[in-house]
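Asker: Following this message is one structure expressed as structure tokens.
What follows draws every value from the coordinates through simple rules; no lab data is involved. Just so you know, these numbers come straight off a predicted model, no measurement behind them. Positions of Cβ are generated from backbone atoms using ideal geometry, with glycine treated the same way; all protein chains shown enter the neighbour counts.
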Amino acid sequence: MSCLSRALAALALLSLSALTAFTLGACNGCGTNLGPVDAGIDAGPQVISCADASECPADVPECSYGVCKRPCAANDACPDPSTFCDVTAGYCAPGCRDSSTCEQGTVCSAGSCIQSQGCATKCDCEVGLVCVGGACQSPPATCAGPQDCPRGPTSPDECDDYACNGFTQLCFDPDPTPCASNADCTGRPGCAGGCTCTGSGSCAPEVDCTAQNEATTCGSGFYCDGNGACQTLPACTDETPCAALGLTCSVGRQQCERPHACAASTECTVAPSTYCNTTTGFCAVPLCNNGGITCNATTEDCAADGRCVPAGTGDACTTSLSCPADQYCAANGQCAVGCRDNSSCTGGQTCNGAHQCTGGGTGGGLGAPCANGNGEPDDSLCQGGLFCGAFTATCQEGCDGESTDCATDGCCQLSGQPCCTLIFFVGVCMSSC
């Protein structure tokens, strides 16, 4: 065949190919079902372009730089196993999650398998360590993100259980698993110096603690007792079990808790801890033994529990004559507030066995009406030792604690009534039980 013939044949073949391509494009398969296009092996997650979030499906709901993405804070928020959570960007991205999916000799670093130089993430480290600059080491004292929190005692694909509290900058376990032995505490936040598994299934540090570091050394549900030991926070309904421990009662949680740290009392706005004890650095209940209040130097003393009491209260005594005039010598050998005998009372009142002046006065006796001109109960219209009942508007005697035998239990000494009955949480002396 001549050169000219070969050229004409090639031109004809080229024209036929172009015509075929045009025809196929025009009829779009001409009724033939081509089926799904094979994207190849390990094609990875589908990339969806977008102009705004309204164009993105529910599983990748945000539009970022023209591409639909799924927000995340950790790998478990990315359901596609071929993706990882890029914590810097805050979105799921294609790539490895840990070194278990990388070839031998490589490790996973920021979603890519790279040549191993020690570690790429804390998943390559032992329990309780983090990866910094390709080397496994102890976690920092404070955290800026989950990468600063230690690897948990779990499998490699769950090594980032611990989260970072952005407010306290301390690592914590958002879903702690109860421990069964001390070994279960290894690697947990706050247990770098060793922890003991308590009977409640919590890990309590073995290292000496202080009120300032108890959040990290003792952990949630514990406080430092002042002797370097972590103790379980007591339950409470009022301040009674908490005050002696330097704690306050969270009525909502019904648990004692450490007051807020402070530098000045203006930072202490939650009652009853409205005073800043600068010695301890924590908000406290204002007392005379922590500088919160000052007792009257001439008429009051500061008691051991922080209350201002009449001067002489608690002083050692052998007879009432050694106590101030308004006090008597109690059975414990200490001066206490109360009458000594009838000479200590005025207005015709008498000193009863509880060292209280009762009866007498110009007011009405037991059962006398005591409503004032406005029809309201008025205690001043009753004899000393009585009060005006809110519902009866008659003079009544109050008492502490229910009793069906006041003669034996020492209640209702003024009126001689046999019973002490609680009416709407108020003790009232009654003629019948």
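Asker: So how far apart, in nm, are the two label points at Ala390 and Glu267 if each is 7 Å from Cα heading toward Cβ?
Answerer: 4.0 nm
Asker: How fast does the range 355-430 diffuse by Stokes-Einstein, in µm²/s, taking the Kirkwood radius from C-alpha pairs at 4 °C and 1.567 mPa s?
Answerer: Working: Rh = 12.4 Å.
For these conditions, the coefficient is 104 µm²/s.
Asker: Same structure again: Ranked from highest to lowest mean number of other Cβ atoms within 10 Å per residue, what is the order of the peptides 349-355, 61-67, 282-288?
Answerer: Ranked by mean Cβ neighbours within 10 Å, highest first: 282-288, 349-355, 61-67.
Asker: Can you tell me the equivalent ellipsoid semi-axes for the range 228-361? Use √(5λ) from the Cα gyration tensor, largest first, whole Å. Please list the in-between numbers first.
Answerer: Numbers: eigenvalues 281, 57, 44 Å².
Rounded to whole Å, the semi-axes are 37, 17, 15.
Asker: Please give the contour-minus-distance gain from Glu103 to Ser380: 0.36 nm per residue of separation, less the Cα-Cα distance, rounded to one decimal in nm.
Answerer: 90.6 nm
Asker: Right, something else. Go through the range 125-131 residue by residue and turn each phi into a ³J(HN,Hα) via Karplus (6.51, -1.76, 1.60, θ = phi - 60°); whole Hz please, and just put x for glycine and proline.
Answerer: Those phi angles translate into 9, 6, 4, x, 10, 10, 9 Hz.
Asker: Still on this model: Using Cβ counts within 10 Å as a stand-in for footprinting exposure, how do Val60, Val47, Val127, Val309 rank, fewest first?
Answerer: Going from least to most buried by this count: Val47, Val127, Val309, Val60.
Asker: Additional query: Report, in whole Å, the centroid distance computed from the Cα atoms of the range 268-343 and the range 371-393.
Answerer: 31 Å
Asker: By how many nm would the segment from Arg253 to Gln115 lengthen if fully extended, with 0.36 nm per residue of separation less the alpha-carbon distance?
Answerer: 44.5 nm
Asker: If R₀ is 51 angstrom, what is the calculated FRET efficiency for the pair Thr404 and Asn213, using the beta carbon separation as r and rounding to 0.05?
Answerer: 0.45
Asker: Pull out the extension gain between Ile48 and Thr177, defined as 0.36 nm times the separation in residues minus the alpha carbon to alpha carbon distance; nm, one decimal.
Answerer: This chain segment gains 42.6 nm when fully extended.
Asker: For an R0 of 25 angstrom, estimate the FRET efficiency from the Cβ-Cβ distance between Thr237 and His260 and round to the nearest 0.05.
Answerer: After rounding, the FRET efficiency stands at 0.75.
Asker: Right, next: Can you tell me, using C-alpha contacts under 8 Å and at least 6 residues apart, the relative contact order of the range 355-430 as a whole percent?
Answerer: On the way: 165 pairs, mean separation 17.2, N = 76.
The value is 23 percent.
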